[in-house]
1. When the chain is fully extended, how far beyond the present Cα-Cα distance does D107 get from L443, taking 0.36 nm per residue of separation?
2. For the chain, which whole percent of the accessible surface, found with a 1.4 angstrom probe, sits on carbon and sulfur atoms?
3. Under a cut-off of 23 Å between alpha-carbon atoms, report the lysines in cross-link reach of K40, not counting same-chain residues fewer than 8 places apart.
4. Under the rule of at least 5 residues apart or a separate chain, name every residue whose amide H is placed under 5 Å from the amide H of I177.
5. For the chain, what is the calculated [θ] at 222 nm in deg cm²/dmol (nearest 500), taking -39500 (n - 2.57) for each run of four or more DSSP H residues and dividing by its residue count?
6. Quick check: with the 1.4 Å probe, what order do M474, M210 take by accessible area, largest first?
7. Before I look further, what does the chain give for accessible area per residue, probe 1.4 Å, in whole square angstrom?
8. Determine how large the accessible area of F80 is when every protein chain is in place; take a 1.4 Å probe and give Å² rounded to the nearest 10.
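The values are calculated or read from the model by the stated rules, or taken from the named source; none is laboratory data. Fair warning: this is a prediction, and the values are worked out from it, not measured in the lab. No Cβ is skipped: glycine too gets one built from the backbone with ideal geometry, and neighbour counts run over all protein chains shown. All accessible areas refer to the heavy atoms of the entire protein, side chains included, with ligands and DNA or RNA removed. Shrake-Rupley method; radii C 1.70, N 1.55, O 1.52, S 1.80 Å.
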Amino acid sequence: MATKGKVDSETCDGPPEYVDVLIAGAGISGIGAGSHLKSKLPEKTFLIVDARENIGGTWDLFRYPGIRADTDAQTFSYEFKPWRHDNAIADGGEILSYLHETVDEYDLTSHLRLGWKVVSADWSSQRGLWAVQLSDVAAGQSATVECRWLFGATGYYSYDRGYRPHFDDEERFTGEIVHPQHWPQDLDYRGRKVVVIGSGATAITLVPAMAEAAAHVTLLQRSPTYILPIPSRDPVTDGLRKILPERMAYRISRTINRTRLAVIYGVSRRYPRFTRRLVRWVNKRALPKGYPVDQHFKPRYDPWHERMCFARDGDLFTAISTGKASVVTDRIARFTERGIELASGASVDADIVVTATGLQMIPLRAMTFSIDGVPIDVSDTVVYKGMMLSGVPNFAFAFGYTNAAWTLKVDLVCEHLCRLIARLDSHDEHIAVAVANDPTLQLTPMVDFHAGYVQRAADTLPRQGSHGPWSMEMSYSADRHRLVRGPVTDPALRFSRIPADSDVALRVG
């Protein structure tokens with residue numbers, strides 16, 4: 001297993017002065033980027049830095065009961081590394097183990113600097129380099145690393161705190177209030193009454209997991225979400241593994257799963273009334289006869305306007321059917337000493353309240369950007385090919401899909417970035433910057449998604465354009481055509497060399 005703390009070797013005590021690519025973040029995106037660079041551009045130097053002491057990002061940070069992926073493991077894993085576990089919906093521990101395996105297989109340990117936080121990055125037009133300020137979180141020391149390319153692999157939410165609204169009179173509550181993002185490892189909920197506030201993927205995961213030991217778990221939601229049961233084993237994948245070589249079986253099953261989800265999404269958006277009826281029919285069959293399905297499982301919005309949730313092996317429905325869990329759809333009026341009073345006048349008793357109320361979305365704002373000392377407001381930029389920002393040279397980032405596995409986009413972006421860097425090298429050029437000067441371009445929010453965590457951050461995000469390379473695709477097939485099969489050149493992307501009088505030009509020349 002890869003090193004879980006800071007790299008201890010004598011040659012890796014601190015960051016180097018220069019690397020070709022600096023990757024900010026050692027989660028799925030950062031480890032994926034490092035693996036692509038190692039295999040496709042082995043001559044390039046790179047560094048992966050992360051403020052946390054462990055790799056894994058989300059999958060090391062979150063420790064709540066039942067944590068798992070919210071899509072199938074075949075598409076959640078990297079294209080270049082088969083998923084070998086039996087679970088079709090991966091547990092958090094399995095994902096973390098998979099990432100450690102990737103670090104080992106691609107020999108990334110020497111490229112890691114854990115416990116180092118990216119504070120700021122300033123681009124020098126004269127030198128054609130980023131000067132990235134790092135801070136050693138534990139020791140308080142600082143360091144500067146220059147790099148030709150900066151890759152943002154920090155995910156999309158704040159690791160410091162989740163979204164946590166304040167509820168009236170919550171200080172009166174005599175029990176415990178916890179947020180899933182900061183789960184107390186010593187929390188004992190055995191035989192206790194638990195209320196989980198929320199209706200997203202975290203809540204849907206927590207309720208059945210906690211119901212196994214708790215006296216009772218109540219899912220308290222303001223409004224319902226779409227929930228479908230999904231099996232923990234994939235018979236197609238299992239069958240292919242028995243008759244085909246591993247990589248071939250993985251490639252085929254990954255394609256099948258990816259296509260299946262794309263079809264479900266497409267049908268849902270085109271025929272929302274049909275999808276509503278289908279989901280209701282599935283929910284009704286999974287719940288006890290006479291259960292008020294429309295009260296607790298009939299969302300107000302059309303399918304996929306927010307992310308659809310999946311219950312592994314229908315565990316949420318099973319917990320409800322056996323009486324171990326229940327659903328209450330109402331608004332919170334206030335907390336009481338013994339639980340929560342609802343707007344309807346009813347109340348829910350609790351020993352523990354879990355606020356599964358969401359995330360604080362801060363993509364690209366974990367660090368401060370500037371060009372020649374002038375700050376960059378990312379909300380003033382336009383996304384280029386879903387991976388770069390207009391006017392920002394030699395910077396790329398990973399931002400996954402809202403309707404499919406995050407990792408699918410990571411692979412495509414890293415593939416394109418490696419091709420772009422290779423193209424620059426072959427033409428003896430050093431700088432690539434996207435220029436959004438199309439007067440017909442109409443700008444809209446970067447992410448067209450109604451989920452609360454997206455809407456709360458909408459004003460801080462870059463924009464997307466109405467057409468061309470400026471659109472932010474939420475389609476794997478469209479992105480694959482654009483980022484893998486399509487050229488790295490584009491009229492909107494400008495290439496240049498380091499100024500001839502630059503000390504860097506003299507050094508590399």
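1. Working: separation 336, 0.36 × 336 = 120.96 nm, distance 4.19 nm.
Residue separation times 0.36 nm, minus the Cα-Cα distance, leaves 116.8 nm.
2. Values: 11170 of 21930 Å².
The nonpolar share, carbon plus sulfur, comes to 51 percent.
3. Reachable lysines: K81, K385, K409.
4. Amide H to amide H, under 5 Å and 5 or more residues apart or across chains, I177 pairs with V353.
5. On the way: 14 runs with 144 residues, N = 509.
Mean residue ellipticity at 222 nm (helix-derived): -8500 deg cm²/dmol.
6. Details: M474 45, M210 0 Å².
Putting M474, M210 in descending order of accessible area: M474, M210.
7. Values: 21930 Å² over 509 residues.
Here the per-residue accessible area is 43 Å².
8. F80 exposes around 40 Å² with every protein chain in place.
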